[in-house]
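Beneath this line is the structure, given in structure tokens, with notes to follow.
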Amino acid sequence: MTTNPPSVNPLEESEYTPPVGEKGKIWTPRWIGALVVVVMLGELATFSYSLVGTALPGIGLHFQTTDLGWTITIANLVTAVAVAMIGKLADLRGKRNLLVIVTSLSAAGGVISAVAPTYEVFLVGRGLQGLLYVTPALAYSLIRDVFPKKLIAFAITVTFTGAGALLIISPFVAGWLIDGYGPLSIFWCIAAFQVICIIGVLLLLPESPLRVKSRLDWVGAILLGAGGALLVYGLGNAGTWGWTSTSFFGFMVAGLACFAAWIWWDSSFPEPIVEISLLRTRPMWTTLILNAAVYGPAAIVVSLVPIIVQMPRDPGGEIGFASDAFGVAAYMAPHGAAMVICGFICGAKAARWGIRYPMMAGCGALAVGSIGLAFLHSETWQVLLWLLFCGVGMGATFGGLPNLVVQSAPPEKQGITSSIMLSAQNLSSAIAVQLAFAMLAMHTFTTELGTFFDSDGYRLAFLVSAGFALVGLAILKIMPHGRASDVREVKTASDVIAH
């Protein structure tokens, strides 16, 4: 006779059937469809980021504003503030329920942005739309709870590496929409994409049976969210204020103070939003640092290479290709293909190879690609070669990270654990990009077209990228999980209920 663990709602257990296919089948039509839906959700964040980045100049002209940074920053701020509470609510109320609610709110934000009469209203919509960056974390924690065990590693990997495919087509989609229908048309496209995902989730994905019975830790959520928001806001404005300005240091100190207060509060609160003791475990803190280390170089490479491709040649003749958006797509297509192919291979072989060794190779590839971009970037073939290395590195690491998160915490803590990892990714991306642009700002040249960054600035920026990747490689060497046996023995929701 089995008993229910305290964290599982007994009312849910009687309605739950372990997710196995009929007559031993694994790939049933339902699970294929469910995987397609979660892949779409995983791709949406990258797809929307690319579309919005391409549309920024048109958005500025439409609203007659040069304060375009808020178009990106407001979405990151909302993610930083909301991610912890959404993760906790997912553990309390059901991951599928929260996935539908969050995606619906984000789609509504897209519609608001598409019809906004003023820039202020547009930013309200962008803030709501920022919730879409939380959906991949909810999706892969739901995968662990409801997918057949033999599909979990592959499904999670595919969810997070399929986004490389959209790196190939998104510049073309953006150009077609913006040129034909205006810059705000991209938000109709994103909202329509999300509506399709919502329908797919409701039809194909079962709800997780796991529930955590506890009070919502509002104080902890506010402190954690405020700390993340202050850091993101400060870093987002550091280029304007200056890295040594009082405003920058004020926001950094305030953000760190909120984090310190959160740790103090949640260490004594009986039902904290995040169990500090869980973060102290070696699997958790190594995975947390690895998340930050891997997403840093990815953010730098994806942000800087399109600028290099479109900028004029610098005075030294070392960098710049004066291309257009379609030219950017030609550079990023091999990178995206390498990312997708490598991610699929690593996911399919996860049970045999494990996660750690492919991720070590991935961090090494990111470091090599970044160093190559730092020193050899004057010819097209050189940039394409180093982008291939970076694509391989991103495929191996992006696909492995969610599996490491799954292995680092028990099933009933997956919602909030995934959300904390997402916060680490967002904050590390912001820090890495700001550091890169700080290096670039020290090395500029001016032409009749405007002011651009020269080769020395890019060299320093890509060395920052390599530094992040090498930190990730060092963390992997001391990480206790991620082996092939960990992939095969991962616990699912049915395991928790059965015992």
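Every number in this text was worked out from the coordinates using simple rules, so none of it is lab data. Keep in mind that this is a model prediction, so the values were computed, not measured. Virtual Cβ from ideal backbone geometry, glycine too; neighbours counted across all protein chains shown.
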Principal axes of the range 77-118: Cα extent on each, largest first, Å: 38, 20, 7
Interchain or long-range residues, amide H under 5 Å from Thr444's placed H: Asp454
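Quick check on the exposure proxy: order Glu318, Glu448, Glu120 from fewest to most C-beta atoms within 10 angstrom. List each step's numbers first, then the result.
Working: Glu318 16, Glu448 5, Glu120 11.
Neighbour counts put them in this order, fewest first: Glu448, Glu120, Glu318.
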Per-peptide average of other Cβ atoms within 10 Å, ordering 191-201, 246-256 highest first: 191-201, 246-256
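Applying a 10 Å radius around every beta-carbon, put 219-232, 278-291 in order of their mean neighbour count, most first. Before the final figure, lay out each step's value.
Working: 219-232: 22.7, 278-291: 18.6.
Highest-to-lowest ranking by the protection proxy: 219-232, 278-291.
As a footprinting exposure proxy, order Lys88, Lys477, Lys95 by other Cβ within 10 Å, with the fewest listed first. List each step's numbers first, then the result.
Details: Lys88 24, Lys477 9, Lys95 29.
The fewest-first ordering by Cβ neighbours comes to Lys477, Lys88, Lys95.
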Rough spin-label spacing in nm, given labels placed 7 Å along Cα→Cβ, for Thr118 and Thr28: 5.4
Neighbourhood net charge (15 Å Cβ-Cβ; Lys/Arg +1, Asp/Glu -1) for Ser267: -3
Rg(Cα)/(2.2 N^0.38 Å) for the range 85-147, N = residue count: 1.26
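For the range 233-389, state the semi-axes of the equivalent ellipsoid (square roots of 5 times the eigenvalues of the alpha-carbon gyration tensor), sorted largest first and rounded to whole angstrom.
Each semi-axis is the square root of five times an eigenvalue, giving 36, 26, 12 Å.
Suppose R0 equals 41 Å; then what is the FRET efficiency for Val195 and Thr444 from their Cβ-Cβ distance, rounded to the nearest 0.05?
On the way: r = 44 Å, r/R0 = 1.07.
The pair Val195/Thr444 has a calculated efficiency of 0.40.
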In sequence order, calculated HN-Hα J values of the range 458-470 (Karplus, 6.51, -1.76, 1.60; Hz; x Gly/Pro): 5, 4, 5, 5, 6, 5, 4, 4, 4, x, 4, 4, 5
Protection proxy ranking, peptides 308-317, 78-87, average beta carbon neighbours within 10 Å, highest first: 78-87, 308-317
From phi via Karplus (6.51, -1.76, 1.60), per-residue ³J(HN,Hα) for the range 84-97 in Hz, x at Gly/Pro: 5, 5, 5, x, 5, 4, 5, 5, 7, 10, x, 5, 5, 4
Exposure proxy ranking, count of Cβ atoms within 10 Å, fewest first, for Met439, Met394: Met439, Met394
